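Nothing in this text is a laboratory measurement; each read-out follows from the coordinates by a stated rule. This structure is a prediction, so every number in the text was calculated from the model and none was measured. Neighbour counts are summed over all protein chains in view; Cβ atoms, including those assigned to glycine, are modelled from backbone coordinates with ideal geometry.
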Ligand SMILES: [Zn+2]
């Protein structure tokens, strides 16, 4: 188990577009495992590689549902529909929460840790979590999309 330090805003690595992953080796496997450990240790529902200082197009998402842990390498948004407005937080912005408008349903193509391409669909909170992490890979932070910041008393039951 290797829990990494979370990069906090502001930091240049959080605001630049990440590089495509081309090598699927043991190092990548270790990075994914470390990202998972770090996400769980900090009680997050997702983590993008730049959040541990690695400027590569890798994200992990786990909203504690039947989908389990989703590993997204070089993810591409193929299509989206609908919309949802809901609260979001980010491990790189401790204590900050705001409402963000996102598509309700998405179809995403990505590669797994062995480099195999897969397509998945997600909706509702899972779609939100995936889109939040995918934004990180383009250096886009949720604060640029917040419609309204939330006060502490509005945060009952909100996951980051
Ligand atoms: Zn985030």
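Please compute the Cα-Cα pair-distance distribution of segment 63-153 with 5 Å bins starting at 0, giving whole percents from short to long. For segment 63-153, the pair-distance distribution reads 3, 13, 23, 24, 21, 10, 5, 1, 0. Entry note, the chain: the mean residue ellipticity at 222 nm calculated from DSSP H runs of n ≥ 4, each adding -39500 (n - 2.57), is -6000 deg cm²/dmol after division by the residues and rounding to the nearest 500. Note that segment 1-156, at 25 °C in a medium of 0.890 mPa s, gets a Stokes-Einstein diffusion coefficient of 157 µm²/s from its Kirkwood radius over C-alpha pairs.
A simple spin-label model places the labels of residue 153 and residue 120 3.8 nm from each other, with each point 7 Å out along Cα-to-Cβ.
Per-peptide packing, taken as the mean over residues of other Cβ atoms within 10 Å, places 116-122, 136-142 in the sequence 136-142, 116-122 from highest down. At what distance in angstrom do the alpha carbon centres of segment 87-136 and segment 137-153 lie from each other? Rounded to whole Å, the Cα centres lie 14 Å apart.
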